[in-house]
1. Out of Y33, Y64, I need the residue that is part of a helix (DSSP H, G or I), of a type in the set (S, T, Y), out of contact with any His (no Cβ under 9 Å at 6 or more places or on another chain) and closer than 14 Å to V95 by Cα. Which one?
2. Please go through segment 300-321 and give me each residue that is of a type outside the set (S, T, Y), crowded, with 20+ Cβ neighbours inside 10 Å and not in a helix (DSSP H, G or I), ordered by number.
3. Scanning segment 106-162 for residues that are touching a residue at least 60 places away in the same chain (Cβ under 8 Å) and not in a helix (DSSP H, G or I), which turns out farthest from F6 (Cα to Cα)?
4. Suppose the filter is over 30 Å from Q8 (Cβ atoms), in contact with a Leu (Cβ under 6 Å, 6 or more places away or on another chain) and outside the structural domain of R49 (by TED's automatic domain parsing); does A126 pass it?
5. Mind listing whichever residues of segment 49-72 are aliphatic (A, V, I, L, M) and in contact with a Gly (Cβ under 9 Å, 6 or more places away or on another chain)?
6. Looking at segment 28-40, is at least one residue surrounded by fewer than 20 Cβ atoms within 10 Å (Cβ to Cβ), outside the structural domain of T153 (by TED's automatic domain parsing) and within 18 Å of D108 (Cβ to Cβ)?
7. Only residues in segment 283-294 that are within 16 Å of D310 (Cα to Cα) count as the first member; pair them with residues that are of a type in the set (S, T, N, Q) and buried (at least 17 other Cβ atoms within 10 Å of the Cβ), Cβ under 9 angstrom, at least 6 apart or cross-chain, and list the lot.
Amino acid sequence: MEREFFLQKKQHYYLTLAVIATTLFSWFNCNSYLIILLVICRLVDGGPRTAIKTAFSNKYFLAYFSVFLLEFAGLFYTHHFFTGWKHVESKATLVAIPFILCAGPFTDQAGYRRLRWAYCYLLAAACVYCLVMACVEFHWQHDTDVFFYHSLTSAISVNAVFFSAYVIIAILFLLYCPDDKVVARGIRFGLIVFFTGVMILLSSRLLMLLLIVIFIGWLAGQFRREMKVRKVAGIGLLVIMGAALLAFTDNPFSRRCRDLHPELLVRRVSPSGAAHSRFDGLSLRLLMWRYAFDILQEHRAWAFGVSAGDSQDLLDQKYLDAGMSQGYLGYNFHNEYIEVLVRSGFLGVNVFMICVVLLIGAARSAATPTAGFTIALVLLLFLTESALEMQHTLFLFAFFPILTSTALPPRPSSDR
């Protein structure tokens with residue numbers, strides 16, 4: 001007898017939404033308990049033995065499990081066991097969430113449709129809350145910067161770049177949702193416009209570039225489906241006008257883009273990483289990445305790394321040795337590939353890249369724009385952020401690539 005889809009049970013569906021909501025609003029204590037409860041539900045649903053056997057026969061679950069084992073292995077050679085253990089605890093999300101998705105049939109097309117609309121509404125609620133709190137701050141400070149970047153998302157304690165990734169996921173769901181019977185077209189269009197506006201306020205340069213590519217890809221798809229040329233041209237014109245408005249007016253987003261001027265970068269990254277250099281996002285990252293290779297060379301740790309427990313202390317010492325402000329202490333390498341290299345060496349990077357290649361293959365097999373752009377989003381985040389060091393992006397990496405690529409039965413052609 002074929003097993004029932006996990007999300008067909010109301011308690012599982014609403015518990016999944018609760019996990020998403022507590023992640024978005026950074027209620028992590030509650031979030032941890034809800035994830036544990038969801039894992040228990042998955043074990044009970046169909047029996048623990050069947051669930052565990054199914055999960056460990058799934059190559060995508062094994063890929064995530066291997067990344068978790070990298071962190072765990074570092075405990076055997078770290079000098080800071082307690083710090084290393086805290087990293088292992090956080091990485092448990094890379095086991096729990098894939099287990100929930102891979103331990104049996106997760107959802108059918110109807111359940112997937114319900115879940116993605118509910119996700120969009122939850123995210124819209126989080127955005128509205130941030131905007132309301134920004135309005136309150138503006139009332140007291142009279143500073144428009146409270147509506148941009150990290151200031152906007154401080155109300156829910158989320159990094160603006162990470163929150164941008166969640167917004168892009170919602171836009172993907174809305175653009176490529178084939179069923180207009182569930183929600184009126186006007187609401188769908190309104191949410192797309194709203195989330196696009198939020199992306200502008202969040203001011204993530206790299207993810208804004210990805211969003212433009214997503215819109216171009218969607219417009220190209222509409223041309224292939226013989227959508228009215230006038231309608232497509234109108235939407236395209238709006239995208240171009242919005243990009244021009246951002247580029248050629250004085251706003252926090254355009255000011256951050258001007259910081260990428262090559263002359264400024266050269267001036268800000270001195271050979272010694274001097275304390276008097278004024279860093280922007282890119283120049284600071286270049287310095288961090290150089291320190292990463294220095295750490296590996298000095299400790300002869302190219303094979304197995306220096307462990308998660310030691311890597312941040314060693315990087316902090318580099319900041320202090322360079323005479324940089326103590327405000328930089330605690331800043332990680334801001335690149336997940338380099339983070340894994342420093343912590344686990346070439347062995348860890350190889351395991352991590354196998355996981356990445358498997359996910360890319362899963363997206364290709366799914367052959368949907370949502371799956372493809374979701375993987376592209378994750379890979380871009382890995383280039384500029386140590387994305388697996390925060391619960392928001394741990395959940396994003398563990399949940400959405402599997403959901404959009406492998407957790408569904410074969411899709412009908414209308415969703416391709």
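The values are calculated or read from the model by the stated rules, or taken from the named source; none is laboratory data. These numbers were taken from a predicted model, which means no experiment stands behind them. Ideal geometry is used to build each Cβ from the backbone, glycine not excepted, and the neighbour counts take in all protein chains shown.
1. Testing whether each residue is part of a helix (DSSP H, G or I), of a type in the set (S, T, Y), out of contact with any His (no Cβ under 9 Å at 6 or more places or on another chain) and closer than 14 Å to V95 by Cα leaves just Y64.
2. Answer for segment 300-321, where residues must be of a type outside the set (S, T, Y), crowded, with 20+ Cβ neighbours inside 10 Å and not in a helix (DSSP H, G or I): A301, G305, V306.
3. Ranking the qualifying residues of segment 106-162, first place goes to F148.
4. no
5. If the condition is that a residue be aliphatic (A, V, I, L, M) and in contact with a Gly (Cβ under 9 Å, 6 or more places away or on another chain), then A51, A55, V67, L70 are the ones that fit.
6. No, segment 28-40 has no match at all.
7. Once the first residue is within 16 Å of D310 (Cα to Cα) and sits in segment 283-294, its partners that are of a type in the set (S, T, N, Q) and buried (at least 17 other Cβ atoms within 10 Å of the Cβ) give M288/N332; M288/N335; A292/S311; A292/N335.
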